[in-house]
1. Kindly provide the set of residues from the range 530-573 that are within 17 Å of V598 (Cβ to Cβ), at pLDDT 80 or above and among the β-branched types (V, I, T), ordered by number.
2. Which residues, taken from the range 624-636, are open to solvent by less than 60 Å² (accessible area, probe 1.4 Å) and either part of a helix (DSSP H, G or I) or of a type in the set (S, T, N, Q) (or both)?
3. Regarding D134, is this residue open to solvent by 20 Å² or more (accessible area, probe 1.4 Å), of a type outside the set (S, T, Y) and in contact (Cβ under 8 Å) with a residue 40 or more places away in the chain?
4. Checking the structure you have, find out if any residue of the range 637-656 is closer than 30 Å to G546 by Cα, open to solvent by less than 100 Å² (accessible area, probe 1.4 Å) and touching a strand residue (DSSP E or B) at 6+ places or on another chain (Cβ under 9 Å).
5. Write out, first by first residue and then by second, each pair whose Cβ atoms fall under 9 Å of each other, whose residues are 6+ apart or on separate chains, and whose first residue, in the range 40-59, is free of Cβ contacts under 8 Å to residues at least 24 places away in the same chain while the second is surrounded by 12 or more Cβ atoms within 10 Å (Cβ to Cβ) and assigned to a helix (DSSP H, G or I).
6. Applying the selection to the range 691-704, what residues are touching a strand residue (DSSP E or B) at 6+ places or on another chain (Cβ under 6 Å) and exposed (fewer than 13 other Cβ atoms within 10 Å of the Cβ)?
7. Residue check: is L246 in a loop (DSSP other than H, G, I, E, B), open to solvent by less than 50 Å² (accessible area, probe 1.4 Å) and within 24 Å of N186 (Cβ to Cβ)?
8. Residues that are open to solvent by less than 40 Å² (accessible area, probe 1.4 Å), small (G, A, S) and at pLDDT 85 or above: does the range 378-393 have at least one?
Amino acid sequence: MPAQDDPENWHAPDSLYAPYRADAFRSQALVLDFRTTARLERELLEDLGISTKPETELVIRHLRHCMVHGDRPHILTYQILNERAQDADPLVSTLAGTECIHEKRQGKFVRTNQVFRVEPHLGRYAFKIHESYDSFTPLFRALRVKDAPERSDYIDIVLDLVGAHFERAAPVVDADRAIYETCIANVAAAHQREECDEAELQRLAEAPVILNLSGMTTHPDDILLHDSKWHADFFDGDLDQALCRLPPEHWPLFEELGVERLSDSARILLEYVGGEERDETDLARKLRERSDIFARLLHDKPTAVRDRVRDALSEIEAVSYAEVRIEASVQLAGDAVRARPTRAPAFYEIDGGQLTVCRPVEDRSWFDILNAIFHQLMPGATGSEISKLTLGIRPLMAMTVDDAHRELTDAGVPRLDADHAATEKVDLTSQELDELGAGDDQADSGQTDGSPATGENENSEAGATCEDNGESSGEEGRADREGKGAGRGGQPPTSGSTGPRRKARGKHKEQWDRRLLSYVRQQLERTEGRPASTEHNLAVEVLARGAVCAYEKERGRNAQQMAQGHPGHDIVSNDPLTGEERLIEVKGIDGEWNQTGVGLSRTQFSNAQDYGDRYWLYVVEFASDPNHSRIHPIRNPAMQVTSFMFDGKWREAATDESPDPTKLFIPGVRVHHESMGAGEILDVVVRGNTKLLTIQFEGRKQAWRNMTLNLRQMRVLEDDDGDDNP
């Protein structure tokens, strides 16, 4: 018997399906070619062995075929599946969660959790069921379509949204920003109700679901929560790409995903002081006298926080300088990010309890002083909390202590135990623990003074510890900064290290990186032979080449294939009428050309640059399916590139170059020798690893020849370096 779309062959009846509602499964079966279905007798067809009722699996395969090729399925497909769902066919439910519903207004397939019975108001990421599907209630019930979005649906939509923008490196703005915020608000509310399971949180933690201050999508552990303007101002905008602002009610969710607060991550160090040091005894006394007032204002904070502030202020000392500079740094994704040193009105050093103030010290200085103290003593507090606290304390500093206490009492602020600070603390340490902590483990942890490495002290130590960056801490570090290394007009100290080793990039980020548009790829080291995972699909290439040759022939051009593996291009095509010649590089894809990119080798890209408009890139998608293959000819692909982008992953290809101080010793440079004084290098001779210098020292008639370079005895003189300044 004949089959539709096959006029040349005849088929056995048991290999055919009746043409009843054939549009619901046509791509997966041979259909009897009998145009007038009204004249067909169902019983006769069944007696002949022709199937009159398509299997559910056949209809599902046809729908999946439409999904893969982007074809709009006939309404009969859903109608038959609806009938099977009404009969409780379990195969229908296997489509749940897949992109099996064709959204007519968008002209594309969407997931079953992107359509709802009521309008979700989520723009292009979720839809109300089209009215043409209203009668398919059993089908949508089997597909687990809901009335309105739930927590898991909002998570999927967030991942859809950030995925679309991350792939294009585009900020989330306007309508998409509103959709993002709606979804995040619903997920955060569910998290507050403890409804989010670990798998859902893990999906969010491994995706770039956080928007930085520019609206760009970022991974949770690559960004910091902007909770303190005081800390952020030190970086003068340089940290904006790694900062995000979130409503406070969302903080618990994102902190569980791995977002750290800027105030927790930042480390503020005194970088430089200049001018005469003056004791600010009155200022320190005023703060010490009001330590209980500070504690009363923190009555709603944990006892540990109140005690820490009260104890610190009861022992505070203060000095002032003509100039004070601070250096801020944060740990971001395993890297230390340092801000440029900044002039500061005040700095409070937890280790040692010293307040350093920039002159002049006046009543207007209290706001900066209190800000510096509270941001160091209360790292867990937000910037807005500290600002409110500072504004509350500022007027109390002008009152007497008794008047300030009365003011707080009148305002309803409870009085705390006034004798707390004078109470003798109980020593809870033990000799056994001291002995256990005195070995190598203690040295490794950075504890050199016997202080415990837990609790609040751990946070305070972190603000002054060098963290392997060459800076000193404690009394020695303060001495260096206060004139013995940095202060009183001296030069600022320099860091002796480049910071911690960069943390390896997580596998979950590599998955997302594959979704980035790729501009260039670094050449990896070659190995003998090619690994199986990179073997070129020769079958797809052959089909793609054949499709291109047919394409050229249909347009009046003669195409000639080059040998397999030709380095520059695959096909040479000529137009006999115009004389146009095309050098064609063919790239075949066994599927849709979307996130699966095509690449040119270095040689191919070089040829594209050399041949200009003669060079063409032909991309063939669905190369293995001749009925659906599409060819995209691109002329002069190399010259259409407007810019070459080098993103942060290029750090992996950076050359590691260490400074070499011996390179500074060249002819014409003035140097200083600790024994011979100042002089000028006349000549340099390199012998192996040794440099022999000829130097004309000042005050000596003859030049000193073949003097071995010794960095301990010699240094290069800068232009502003005096001869008498060794």
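1. Selection gives V540, V542, V548, I571.
2. S624, S629, N636
3. In short, no.
4. yes
5. Within 9 Å, the pairs are E55/L91.
6. Hit for the range 691-704 is E698, nothing else.
7. So L246 passes the test.
8. So far as the range 378-393 goes, no, none of its residues is open to solvent by less than 40 Å² (accessible area, probe 1.4 Å), small (G, A, S) and at pLDDT 85 or above.
The values are calculated or read from the model by the stated rules, or taken from the named source; none is laboratory data. Computed from a predicted model, the values in this text were never measured in an experiment. When we count neighbours, we look across all protein chains shown, and the Cβ atoms used for this are built from the backbone with ideal geometry, even at glycine. For the accessible areas, the whole protein counts, side chains as well, though only heavy atoms, and no ligand, DNA or RNA atoms are used. Shrake-Rupley method; radii C 1.70, N 1.55, O 1.52, S 1.80 Å.
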